[in-house]
Amino acid sequence: MSFLNFFTRSRSAPVARDRLQLLLAHERVQAGQSDLAAILHKEILAVIAKHIPIDQDKVIVKLDRGAQVSTLEIDIEMPDEALVGR
Amino acid sequence: MSKVMVVTSGKGGVGKTTSSASLGAALAQAGQNVVVVDFDVGLRNLDLVMGAERRVVFDLVNVVQGDAKLPQALIRDKRVETLYLLPASQTRDKDALTEEGVGRVIGELRERFDWIVCDSPAGIEKGALLAMRFADLAVVVTNPEVSSVRDSDRIIGMLDSKTQRAEDGGRLEKHLLLTRYDAARAARGEMMKVDDILEILAIPLLGIVSESPDVLSASNVGSPVTLHNPTSAAGRAYIDAARRLLGENIVVDTPPERQSLMRRLFGRKAAVA
């Protein structure tokens, strides 16, 4: 460590605090979001399953939160035979 | 009325086991009936830290699976007669525990003890979830270090969503125990301050345990620091934390800075600038 470094030792703690605050603000939203997507997935699946036999893996629920607009994307692949005779 | 308290952190190596043993011992020293339960199946260490490693016959997994009765597995501390240990298994894996089995054992422990201290394994897997599952309150052990604070935040989220209390719409008390704190480094801006961490995690402070050689000496000889050296700074910090858990209103002292040689020679400016 040079003489200059010794006297201008960096104060790294504020950097740690700021990085954490930024990261956790992001991660907390994400954690809540994945839970919501999981709940929606389960309930939407239950409603559809009441009427049509459907494969659990063929239902995709995606939640994207943006600053301006958020979107909920639901992608359900229907088996051909599901709609026959209806 | 018994209380189930989980000691948890997410990150490993921050002092969960040391804190479980010390808080458990301090509560027992205050006259409470206490059992400390090791949930770290496969990597048990609470027995070693509490100096009972040669007295383990049956363990939590044996009791959960019905191979042993609870009294057969409980180990009574040789120093404090109201302190007991329920060790984890060293040979099984974490899948040996089931929610139903753990719930039954916790129910039995509630009938015998005032405090059931659950020493959680690190991580966010099954073992950690089972340790917090039936808790009435939680002690979140955190080091003043970015990875530990991040993991604590994650664990706080899980305490608020994955515990039985949270699912029943109840409130789970959460307390922050800051360990390995170094006031001098925090004053120099090299380590996050207590207030920084409290602001980020937003849960009340139970205590501050400074980085201290006394903690290592105590675990070396298999004795909680509250018993081995109750007048040391770490011992007093744990004893005060236990008194706060018992409802006493004691102000948390921020540990004093030890003056470094440089600071004594050059004063504050030289060290801080």
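The values are calculated or read from the model by the stated rules, or taken from the named source; none is laboratory data. In this text, all values refer to a predicted model and were calculated from it rather than measured experimentally. FYI the Cβ positions are ideal-geometry reconstructions off the backbone, even for glycines, and counts take in every protein chain you see.
Is it fair to say B:Thr91 is of a type in the set (S, T, N, Q) and over 13 Å from the mean Cα position of the chain (by Cα)?
Values: of a type in the set (S, T, N, Q): yes; over 13 Å from the mean Cα position of the chain (by Cα): yes.
When the stated conditions are applied, B:Thr91 passes them.
Residues are listed down the side, and each one gets a yes or a no for (1) within 14 Å of chain A (Cβ to nearest Cβ); (2) surrounded by fewer than 22 Cβ atoms within 10 Å (Cβ to Cβ); (3) under 29 Å from B:Arg154 (Cβ atoms):
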| residue | (1), (2), (3) |
| --- | --- |
| B:Ala183 | yes, yes, yes |
| B:Val194 | yes, yes, yes |
| B:Leu205 | no, yes, yes |
| B:Ser217 | no, yes, no |
| B:Glu248 | no, yes, no |
Would you confirm whether any residue within region B:49-63 is over 22 Å from B:Ala122 (Cβ atoms) and under 21 Å from the mean Cα position of the chain (by Cα)? yes
Search region B:105-121 for residues that are touching a residue at least 24 places away in the same chain (Cβ under 8 Å) and more than 20 Å from B:Ala21 (Cβ to Cβ) and pair each with any residue that is assigned to a helix (DSSP H, G or I) and of a type outside the set (Asp, Glu) when their beta-carbon atoms are under 7 Å apart and the residues are at least 6 apart or on different chains. B:Glu108/B:Leu70
Among the numbered conditions (1) within 14 Å of chain B (Cβ to nearest Cβ); (2) modelled with pLDDT of 75 or more; (3) in contact with a helix residue (DSSP H, G or I) (Cβ under 9 Å, 6 or more places away or on another chain), tell me where A:Ala31 comes up short. (2)
